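Data block below; observations after.
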Amino acid sequence: MLAALALRNLFRNRRRTMLSMVVIGVGVVSLLLTLGFIRYSFDGLSDAIIRGGLAHLEVAPASVGDGTGNPIIDRAGSPPAFHGWQAVRDRIESRADVQATSAAVQLAGVLLNGDRSMAFMGAAVEPARQRSMGIAVKLRAGEALPDDAPVAGDDRVLLGVDLARALHVEVGDSIVAMVGTAAGTLNAVDLTVAGIFTTGLQELDARMAQMHLATAQRLMGTDDVTSLLVGLKDRAATETVARAIREDVATITPALTVADWESRAPFYRQVRGLYIGIFVFLGTIIGLLVCLSASNTFQMSVLERVREFGTLLAMGTDRGQLARLVVLEAVWLGVIGGAIGSILAAIIAFTINSIGIQMPPPPAAVDPLTLLVLIKPTDFLYAIVFMVVLLAIATVPPILKILRLQVVEALSHV
Amino acid sequence: MTARATAGVPVFEARGASKTYQQGAITVSAVSDISLSIAAGDFVVLAGPSGSGKSTLLNLLGGLDRPSQGSVSFAGADIGASSEADRVALRRDRLGFIFQAFNLVPVLSAFENVEYALWLTGQPRAERKARVMKALDDVGLSHRASHRPDHLSGGERQRVALARALVHDPVAIVADEPTASLDSHTAADVLMLFRTLNEARGTTFLVATHDPSIVAVAPRVIRLVDGRVASDTRVGPS
């Protein structure tokens, strides 16, 4: 009975209720669209990071790396130290949840083009295996590295766009790569620029080069690799598979570490932290607006009904029941306003996703971003619950007034 | 469900009851040193001019307010000294209230307004329905059960208020100026209904009014002047 009475009370002053619902609806739309955009950004960024070369998991000797998080930077200065990696690869690839693995060598050195020289960080890969893991190079010019191991004298390289620009080279030009070998000496090799690519990040485009695994091993005089990159069939299983592989390689010496993509992507963590901060800030502002607006509505609503509350109290309604009545009005307002906002958000999200709005590249990124909004069904529920909680908080001042109400005074209230 | 008044024990009783209000630095006395006793089944009118203290005394006897001095009891229990929860239970279970302005909940139908009083007592829905329809039938309004107050006439609203006050079978009905908002013809109808229910059910009626037509037919009239009992007249058997 109280719930039905609360619902009807909501529509006593239709204009005020509608105004409150508009505020709640706009709040829900703002929250859902922001959340949807942030989720899309997270999804897109994590996918770009995984398919950009980090893969889902990396298995590497525990002794290598300085813990900065990014393996490209982290291990580039250390010679490959993963012995017997082929056997480990066979064990990992026997798992049903693993898509493929790819051996990788990270190296650092100097690239020379006549009198121009640039320091570089290199990733040596197995192109065919990387492709089967879904890792793709974003070529801006030229072609990808050949799948087969190149013979000596036919070594090729892909250069980051800004690195190529700094070296004044184009596709087909020859350059010299000079790196430290596993034995601690210097070695150099002639490389043909097969293509020019972008990592999506300006910082890396100015430093990155990519070559075939065989080229790097020949250059560094070793058969070892830096790490094994593991591509999974399902990103959601990353934690589970990482744990299983960790147990599987636990007996191998020297010890191996298994790291997931997120722990090796400090940029992702920073962006995620930034976006979450923005979302929390926005949520706080919206929450405050809704709370203040609704509190005013409830205050007015209670003030207009003081005499009626007096009557209900006189009839034997206890103050707790009256407080519940006001809270139920808040719940109805939150549910109806939240539902309207959710429907609007779904329509707007669908429209935005259909249009495909292009956004400028995010900070430090190269490619423009297509504005998409990914809203999960549970998001609607959370948004409505959030609004209901806010509105319940907004009922505190009017409820305090009700608790102090004197029956006789309330009955004579005009 | 409803505990009836114990035989021989007055339903309402006041002993030296006074009520004062503080208006800034001034203490205003609304009623002073009131002593009276109202038996079960009585039909008593509190009469007197405006400001004589009728409503204040009604509020004290109805458990809506506490006396500043003296005591007020209902069926032998001192309600001036009882807890808030006990006073709520008293009003909910053993009293029915009727107000000058009807005080119906505008968003509820006549049926729902009456049902609310039963809902408070925890009656199951099925039983509520039967009892509400019976109460509306008793006041001749069962055909208007689905109408909201703004679609009812003044007399019909007061009948709904009476049904609401009676539906949980209270020991006593406390009515404050129940005919003041009604025309004389409708007021006479409502008054007739009060008397009929008083006689048929034995429900005690305590009515504050300055309506001479009610005063004229009341079996017992307590006149208040300046917050004191000026006379207590019984005209024939109640």
Checklist outcome for this item: Taking protein heavy atoms only, a 1.4 Å probe, and rounding to whole percent, the accessible area of chain B owed to carbon and sulfur comes out at 51 percent
Checklist outcome for this item: With label points set 7 Å from each Cα along the Cα-to-Cβ direction at A:Ile278 and A:Glu170, the distance between them in nm comes to 3.9 nm
Next on the checklist: Is there a quick way to get the dipole size of region A:319-414? I mean about its Cα centre, with the Cβ of Lys and Arg at +1 and of Asp and Glu at -1; what is the value in debye to the nearest 20?
Outcome noted: 380 debye
Checklist entry - Across peptide A:8-18, what mean number of C-beta atoms from other chains lies inside 10 Å of a residue's C-beta? => result 1
Checklist entry - Label-point separation (nm) for A:Val389 and A:Ile347, each offset 7 Å from Cα along Cα-to-Cβ? => result 2.8 nm
Next on the checklist: Let me check against my output: what whole-number percent is the relative contact order of region A:56-260, with C-alpha pairs under 8 Å and at least 6 apart?
Outcome noted: 33 percent
Item to check | Top positive-direction residue, dipole computed over region A:173-329 with Cβ charges, set A:Thr226, A:Val249, A:Leu274 | outcome: A:Leu274
Next on the checklist: At 1.4 Å probe radius, can you tell me the per residue accessible area of chain B in Å²?
Outcome noted: 41 Å²
Checklist entry - If you place +1 on the Cβ of every Lys and Arg and -1 on the Cβ of every Asp and Glu, how big does the dipole about the Cα centre of chain B come out, in debye to the nearest 20? => result 320 debye
Checklist entry - Mind checking which helices in chain A clear 30 Å along their axis (Cα) and have mean Kyte-Doolittle hydropathy of -1.0 or more, DSSP H runs only? => result A:14-49, A:266-304, A:319-355
Checklist entry - Can you list the lysines whose alpha carbon sits under 24 Å from that of A:Lys138, skipping same-chain ones fewer than 8 residues off? => result A:Lys233
Checklist entry - Which residues, if any, in region B:156-203 have at least 10 Å² less accessible area in the whole protein complex than in the isolated chain, probe 1.4 Å? => result B:Arg164
Next on the checklist: What number comes out for accessible area per residue over region A:276-414 if the probe is 1.4 Å? Units Å², please.
Outcome noted: 49 Å²
Checklist entry - How well do other chains shield peptide B:99-108, expressed as the mean number of their Cβ atoms within 10 Å of each residue Cβ? => result 5
Item to check | Dipole of chain A, positive direction: furthest Cα of A:Gly180, A:Pro360, A:Gly84, with charges on the beta-carbon | outcome: A:Pro360
Item to check | Accessible area expressed per residue, region A:56-260, with surrounding protein chains retained (probe 1.4 Å, Å²) | outcome: 44 Å²
Checklist outcome for this item: Those residues in region B:64-93 that give up at least 10 Å² of accessible surface, probe 1.4 Å, once the partner protein chains are present instead of the chain by itself are B:Leu64, B:Asp65, B:Glu84, B:Val88, B:Arg91, B:Arg92
Item to check | Unit charges on C-beta of K, R, D, E only; dipole of chain A, Debye | outcome: 2400 debye
Checklist outcome for this item: Taking alpha-carbon centroids only, region A:253-280 lies from region A:1-37 a number of Å equal to 38 Å
Checklist entry - Tell me, what % of the accessible area of chain A is carbon and sulfur with a 1.4 angstrom probe? => result 62 percent
Item to check | Solvent-accessible area buried by A and B, counting both chains, probe 1.4 angstrom, square angstrom | outcome: 2100 Å²
Checklist outcome for this item: Between the modelled labels at B:Thr27 and A:Asp367 (7 Å from Cα along Cα→Cβ) the distance in nm is 8.6 nm
Checklist entry - Sorted by packing (mean other beta-carbon atoms within 10 Å per residue), highest first, where do B:127-136, B:206-215, A:11-20, B:22-31 land? => result B:206-215, B:127-136, A:11-20, B:22-31
Item to check | Inter-chain Cβ neighbour average for residues A:308-321, partner chain, 10 Å | outcome: 6
Checklist outcome for this item: Given Cβ charges of +1 for Lys and Arg and -1 for Asp and Glu, the option among A:Gln99, A:Ala3, A:Pro377 whose Cα lies farthest towards the positive end of the dipole of chain A is A:Ala3
Checklist entry - Sorted by packing (mean other beta-carbon atoms within 10 Å per residue), highest first, where do A:84-94, A:338-348 land? => result A:338-348, A:84-94
Checklist entry - To the nearest Å, what is the center-to-center distance of region A:223-240 and region B:166-214, using C-alpha atoms only? => result 86 Å
Checklist entry - Cα centroid distance between region A:117-171 and region B:57-122, in Å? => result 88 Å
Item to check | Computed lengthening from A:Asp234 to A:Phe11, 0.36 nm per intervening residue step minus Cα-Cα distance | outcome: 75.3 nm
Next on the checklist: Give me a comma-separated list of calculated 3J(HN,Hα) values for region A:405-414, in order, Karplus coefficients 6.51, -1.76, 1.60 applied at θ = phi - 60°, integers in Hz, x for any Gly or Pro.
Outcome noted: 5, 9, 4, 5, 5, 5, 5, 9, 5, 9
Checklist entry - Going by average Cβ neighbours within 10 Å, how do the peptides B:185-195, A:29-39 rank, with the highest at the top? => result A:29-39, B:185-195
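The values are calculated or read from the model by the stated rules, or taken from the named source; none is laboratory data. All values derive from a computational prediction rather than experimental measurement. Cβ: placed from backbone, ideal geometry, glycine included. Neighbour counts: every protein chain shown. Remember, those area values only see protein heavy atoms, side chains included, never the ligands or the DNA or RNA. Shrake-Rupley method; radii C 1.70, N 1.55, O 1.52, S 1.80 Å.
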